[in-house]
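Colleague: First, the structure itself, so that you have it in front of you.
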Amino acid sequence: MAQFTCEICGAEFEQKSRYERHLQTSHPRQAVSAADLEKALKGVDFPTSREELGNAVDNGEVRDIIAQLPDQEYRDAAEVARAFGELRTHEKAPDSQPSKTGGQRAMQAPSAARFASLFEGMSFPASGEELKRHARAQASEQEMQTLEKFGDHTYHSMADVAKELHKVS
């Protein structure tokens, strides 16, 4: 009789090391994304410091990411996302980015954080039609036009939605 059972798929293992390897390879945890970060910062009043950002976040993984950001005053969520991107890529973003300059183009482009808020409370997996139906009550006309470009396949998480948003934008 197996001592260890995977809570996700029901696979059984005699040895703990094989069970742990199974979890790491078959069900890896998704890394924190920019959309997760922006969603966690919803409702935060800017400008604010890195310390205040960390105190405002409930999610421990996001709080750990924020602790790694540069210790500075952040004007808005876009500036936090920019710092997060630099942290992930280990490259400094150019100063001409919209989050740095406050460009109008950034205000017009669909935001991953805004789309994350449209799907708050959404149960995944979901089809493209289910996404549209869920978002319809809150989405602007432009956001619905963007959603119409989404493929009608199964989205397993907000990460899938963010990837599709990137493809159609």
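Coordinate-derived values only; no laboratory data. The shown structure was predicted, so the numbers you read here are calculated from the model rather than taken from an experiment. Using ideal geometry, Cβ is built from the backbone for each residue, glycine included, and neighbour counts are taken over all protein chains shown.
Colleague: Would you list Leu147, Leu41 from fewest to most Cβ contacts within 10 Å?
Modeller: Working: Leu147 24, Leu41 21.
Going from sparsest to densest Cβ surroundings: Leu41, Leu147.
Colleague: Checking the table Lys42/Lys132; Lys39/Lys167; Lys16/Lys39; Lys42/Lys163 against a 29 Å threshold on Cα-Cα, which pairs fail? Don't skip to the answer; put the middle values down first.
Modeller: Working: Lys42/Lys132 22 Å; Lys39/Lys167 20 Å; Lys16/Lys39 35 Å; Lys42/Lys163 21 Å.
Pairs exceeding 29 Å: Lys16/Lys39.
Colleague: For the chain, what is the convex hull volume of the alpha-carbon atoms per residue, in Å³? Write down the numbers at each step before the final one.
Modeller: On the way: hull volume 25.7 nm³, N = 169.
Dividing the Cα hull volume of the chain by its residues yields 152 Å³.
Colleague: Relative to the longest principal axis of the C-alpha atoms of the chain, give the angle of the C-alpha long axis of helix 77-89, reported between 0 and 90° and rounded to the nearest 10°.
Modeller: 50 degrees
Colleague: Taking the Cα centroid of segment 134-148 and of segment 1-76, what is the distance between the two, rounded to the nearest whole Å?
Modeller: If we compute the Cα centre of each part, the gap is 28 Å.
Colleague: Identify the residues of segment 25-41 with backbone N under 19 Å of a label point that sits 7 angstrom from the Cα of Asn55 along the Cα-to-Cβ direction, or state none.
Modeller: Flagged as within label range: 40-41.
Colleague: Using a simple spin-label model with points 7 Å from Cα along the Cα→Cβ vector, what separation in nm is obtained for Arg75 and Gln142?
Modeller: Going by the 7 Å Cα→Cβ label model, 1.9 nm.
Colleague: By counting other Cβ atoms within 10 Å of each Cβ, how are Val32, Val168, Val80 ranked from fewest to most?
Modeller: Values: Val32 18, Val168 14, Val80 25.
Sorted ascending by nearby Cβ count, the order is Val168, Val32, Val80.
Colleague: Here's something else I'd like to know. Rounded to the nearest 20 debye, what is the charge dipole size of the chain about its Cα centre when +1 sits on each Lys and Arg Cβ and -1 on each Asp and Glu Cβ? Intermediate results must be reported in sequence, preceding the final value.
Modeller: On the way: 21 positive and 28 negative charges, 74 e Å.
In total the dipole reaches around 360 debye.
Colleague: Could you compute the net charge surrounding Glu148? Neighbours are other residues with a C-beta less than 13 Å from the C-beta of Glu148; K and R count +1, D and E count -1.
Modeller: -1
Colleague: Counting alpha carbon pairs within less than 8 Å and at least 6 residues apart, what relative contact order, in whole percent, applies to the chain?
Modeller: On the way: 160 pairs, mean separation 25.7, N = 169.
Averaging sequence separation for qualifying contacts and normalising by length gives 15 percent for the chain.
Colleague: Just want the ordering: Thr154, Thr89, Thr48, from fewest to most Cβ atoms lying within 10 Å of their own Cβ. Please report the intermediate quantities before stating the final value.
Modeller: Numbers: Thr154 12, Thr89 9, Thr48 17.
Final ranking by Cβ density, sparse to dense: Thr89, Thr154, Thr48.
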